[in-house]
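Nothing in this text is a laboratory measurement; each read-out follows from the coordinates by a stated rule. Since this is a predicted model, take the numbers as computed values, not measurements. Please note: Cβ atoms are built from the backbone with ideal geometry, for glycine as well, and neighbour counts cover all protein chains shown.
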Amino acid sequence: MAAYKIKLKRRTEVASGTMAFHFEKPEGFTFQPGQCGDFTLPNPPQNDAEGNKRSFSLASAPYEDDLFITTRMRDTAFKRSLKLIDLDTELELEGPWGELTLHDDPRIPAVFLAGGIGITPVRSIVLQATHDKLAHPIFAFYSNRTPNDAAFLDELAAAQETNPNFTLIATMTEVENSHSKWNGETGYITEAMLKRHLPNLSRPIYYLSGPPEMVAAMQKLLRNVGVQEANIRAEEFSGY
């Protein structure tokens with residue numbers, strides 16, 4: 001993989017306990033929506049046994065000016081360091097890599113089953129597909145505890161308004177704890193929920209992204225309804 005020097009431009013909170021870190025896009029860096037990169041802090045203000053290098057999906061779409069990543073701000077030395085370092089601090093980016101990218105055939109629907117921060121590659125893919133006016137039918141099932149926990153919910157809802165081929169199905173598992181009103185789906189992603197929104201469960205290619213236990217549950221669900229293994233692609237977010 002190629003290595004690039006990148007500078008931190010800004011950081012913003014995009015959901016409860018979730019931050020986006022924006023970097024200058026290095027000259028010559030290209031990637032496919034849904035791919036990842038390895039980010040290294042050369043001289044972090046804090047460190048631990050896990051070291052100063054982490055892998056993140058690129059939440060930005062290729063057409064956007066910045067590169068950015070999004071992460072739940074768990075209490076690790078790497079994430080504390082990302083919050084502490086000065087703007088314009090230089091990091092090293094290696095990449096891109098990863099195969100959670102949109103298939104080529106626009107006749108086959110793409111169905112994303114995303115949980116929590118697993119939405120980051122989905123944002124990149126959906127926004128680029130909307131920008132490029134791709135003909136792929138795209139469905140994104142997006143599970144969170146509450147709307148306040150759902151990064152990019154408004155952006156994805158806006159994409160649905162402008163992209164006739166994109167459908168967002170957001171669902172909240174703890175809506176009773178929400179400070180915001182919610183009129184959408186509730187509960188975990190289930191076979192019944194998929195059947196309410198998909199005309200044919202066996203036809204799409206499925207993309208799974210989220211916590212390992214969520215990805216495992218979705219793989220089991222899809223196998224149980226007869227989806228072929230070749231039509232299931234998965235990426236786990238361990239939440240380090």
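Computed over the chain, relative contact order equals 19 percent, with contacts defined as Cα pairs under 8 Å that lie 6+ residues apart.
Ranked by Cβ crowding within 10 angstrom, fewest neighbours first, how are Lys79, Lys181 ordered? Could the numbers behind the result be given before it?
Details: Lys79 18, Lys181 7.
Fewest-to-most ranking of Lys79, Lys181: Lys181, Lys79.
Along the Cα-to-Cβ line of Ile108, 7 Å from the Cα, sits a label point; which residues in segment 138-181 have backbone N less than 18 Å from it? Answer for segment 138-181: 138-140. Counting lysine pairs in the chain that sit 8 or more residues apart in sequence, or on different chains, and whose Cα atoms lie under 29 Å apart gives 21. Can you find, among Ile6, Cys36, Phe78, the residue sitting farthest towards the positive end of the charge dipole of segment 3-97, where Lys and Arg contribute +1 and Asp and Glu -1 at Cβ? Ranked along the dipole, the leading option is Phe78.
Only counting other Cβ atoms within 10 Å, I'd like His131, His136, His179 sorted with the fewest neighbours first.
Values: His131 16, His136 20, His179 8.
Going from sparsest to densest Cβ surroundings: His179, His131, His136.
By count of other Cβ within 10 Å, fewest leading, how are Glu64, Glu229 ordered? If you can, show how the numbers build up before the last one.
On the way: Glu64 16, Glu229 9.
So the ranking, lowest neighbour count to highest, is Glu229, Glu64.
Counting only Cβ charges, +1 for Lys and Arg and -1 for Asp and Glu, the dipole size of segment 1-142 around its Cα centre is about 420 debye.
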